[in-house]
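Enquirer: My questions will all concern the structure given below.
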Amino acid sequence: MRSDLDRLMQQRGLAGLVVLALDRYSPAFYYCTGQKIHHGFYVRTASGRAHLVHDPMERDQAALVGCEASSYAQRGFLQRVKSADSQAHALGELVADVAAELGMKGRVAFTGDVPLGFGHQMLDHLMKRAPEITVDPSQPDVLSLASMTKGPDELEKIRHCSRGAVEAMKRVRDELASLKRAPAAGAPGDGFVTRDGRPATLGHLRRLLHRTFAEFGLAEDGESIVAQGRDAGVPHNRGNDDDAVRAGVPILIDIFPAEAGGGYHTDMTRTFCLGPAPEPLKQVYGQCREAFDAAMTKLRGGEACRGYQELVCDVFERQGHATVRTDQQVVEGYVHGLGHGVGLAVHEGPRLGGPTTNTALLEPGHVVSVEPGLYYPSRGLGVRIEDLVAVRADGSIENLTPASYELEIPLPA
């Protein structure tokens, strides 16, 4: 991973890279150091020389990074803070000093996780102290570009997350199939109860997801989507845990767990219907499946990422649906892009969609979601199908989230 960074920095003519972590987990810091260090900064030159400044309490993790290192205490940071106008100014001075020790002069990429105001103050003061350094404004930044391509170790972590997600989705499907009709008179749960007699709610399904994630050493990053009916028609409506599971409506499950404590993600979505699907739902789901199959069949390394969004829009528009291609403000029909990269962040590059300026190609090592959907909240409908795929060295596709696409789950007796 770090050799990719060095190569890309050299291609862009950068002097180096600075990554910040300010008392919180930072995916960027983890990518560069391989350790979940919450407080520190990492400076790396384009030639590969690096120095890590860390909190003394994280010295054991810092020792595993394998580069020059020093602690904030060894650097006298507390005294700097006392004599500076602010902690941001003190940090800017310290970063400037470490960069000078490494001989860093020229354009430097800055990334990491800090509040925007703090980061602005720090950079402003740093450049006053070290005028030989300028901030590289390129987007995507060099680290985002490097992290789009996954190596074998990264892919194996994503595969593990994906196996956990597939098992969680299977258990939700099995749980829906196991529901029993509640006694008719005033029964809670809209007519369905679990095997132990509790009301069948969306929250019950969400808790089942959580338990399965934990078995695989995973956790939610954000909140999984467990929505039904009208709520399934708004793409990122998380659903209402108190809602009773209902028959004859779409139940949309979108899960994107990551390694517990921070790390790599997966992403997948399925849409279910308990009992026979009404004809409008069956039709919309079939049309979404047609678009999904068209994209998955054509997907291959070396092709333009945005071309797959065009393909799916062609399918949906031929079926009579509005799309974001015909109307950027559309809220019913196909209302989003086809997919995105997945890694240390659940949404990263490359994008399968976006503006015409998106000229990215699918490349070996890319891991992307493919997730067409159709949304009609005014009709109580919303469906999405999503798999996560990896591009192999020969350009072929590995589906990381193979699971049943069947819409209907037979009603319990």
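The values are calculated or read from the model by the stated rules, or taken from the named source; none is laboratory data. Just so it is clear, the model here is predicted, and its values are computed rather than measured. Here Cβ is always computed from backbone atoms with ideal geometry, including for glycine, and neighbour counts include all displayed protein chains. Surface accessibility is based on the protein's heavy atoms, side chains included, excluding ligands, DNA and RNA. Shrake-Rupley method; radii C 1.70, N 1.55, O 1.52, S 1.80 Å.
Enquirer: Take the residues in the range 75-119 that are among the basic types (Lys, Arg) and farther than 19 Å from Met9 by Cα, then tell me which one is most open to solvent (accessible area, probe 1.4 Å).
Expert: Of the range 75-119, the ones among the basic types (Lys, Arg) are 75, 80, 82, 105, 107.
Checking which are farther than 19 Å from Met9 by Cα leaves us with 75, 80, 82.
Details: Arg75: 51, Arg80: 52, Lys82: 141 Å².
Top of the filtered list is Lys82.
Enquirer: Given the criterion among the basic types (Lys, Arg), at pLDDT 95 or above and open to solvent by 30 Å² or more (accessible area, probe 1.4 Å), identify the matching residue among Arg207, Arg198. So that I can check it myself, show each step before the final result.
Expert: Details: Arg198 fails: at pLDDT 95 or above.
That would be Arg207, the only listed residue that is among the basic types (Lys, Arg), at pLDDT 95 or above and open to solvent by 30 Å² or more (accessible area, probe 1.4 Å).
Enquirer: Which condition breaks for Glu332 when tested against (1) under 29 Å from Pro276 (Cβ atoms); (2) out of contact with any strand residue (DSSP E or B) (no Cβ under 6 Å at 6 or more places or on another chain); (3) of a type in the set (D, E, K, R)?
Expert: Unmet condition: (2).
Enquirer: So Met169 ticks every box in (1) modelled with pLDDT under 95; (2) crowded, with 19+ Cβ neighbours inside 10 Å; (3) not acidic (Asp, Glu) but one. Which box is left unticked?
Expert: (1)
Enquirer: Test Met57 against the stated conditions and say whether it is more than 30 Å from His366 (Cβ to Cβ) and of a type outside the set (Ser, Thr, Tyr). Show your work before the answer.
Expert: Details: more than 30 Å from His366 (Cβ to Cβ): yes; of a type outside the set (Ser, Thr, Tyr): yes.
Spelling it out, Met57 is indeed more than 30 Å from His366 (Cβ to Cβ) and of a type outside the set (Ser, Thr, Tyr).
Enquirer: Among the numbered criteria (1) surrounded by fewer than 15 Cβ atoms within 10 Å (Cβ to Cβ); (2) farther than 27 Å from Lys282 by Cβ; (3) touching a helix residue (DSSP H, G or I) at 6+ places or on another chain (Cβ under 9 Å), which single criterion is violated by Leu400?
Expert: Leu400 satisfies every listed condition except (1).
Enquirer: Go through the range 240-259 and report how many residues are closer than 14 Å to Leu209 by Cα and either of a type in the set (Val, Ile, Thr) or not in a strand (DSSP E or B) (or both).
Expert: Keep residues of the range 240-259 that are closer than 14 Å to Leu209 by Cα, which gives 241, 252-258.
From what is left, the residues that are either of a type in the set (Val, Ile, Thr) or not in a strand (DSSP E or B) (or both) are 241, 253, 255-257.
The total comes to 5.
Enquirer: Of the conditions (1) within 26 Å of Pro27 (Cβ to Cβ); (2) open to solvent by 40 Å² or more (accessible area, probe 1.4 Å); (3) touching a residue at least 60 places away in the same chain (Cβ under 8 Å), Ile158 clears all except one; give me its number.
Expert: Of everything listed in (1) within 26 Å of Pro27 (Cβ to Cβ); (2) open to solvent by 40 Å² or more (accessible area, probe 1.4 Å); (3) touching a residue at least 60 places away in the same chain (Cβ under 8 Å), Ile158 misses just condition (2).
Enquirer: State all residues of the range 120-148 that are modelled with pLDDT under 95, surrounded by 15 or more Cβ atoms within 10 Å (Cβ to Cβ), in contact with a strand residue (DSSP E or B) (Cβ under 8 Å, 6 or more places away or on another chain) and not aliphatic (A, V, I, L, M); if no residue qualifies, say none.
Expert: Asp141, Ser144, Ser147
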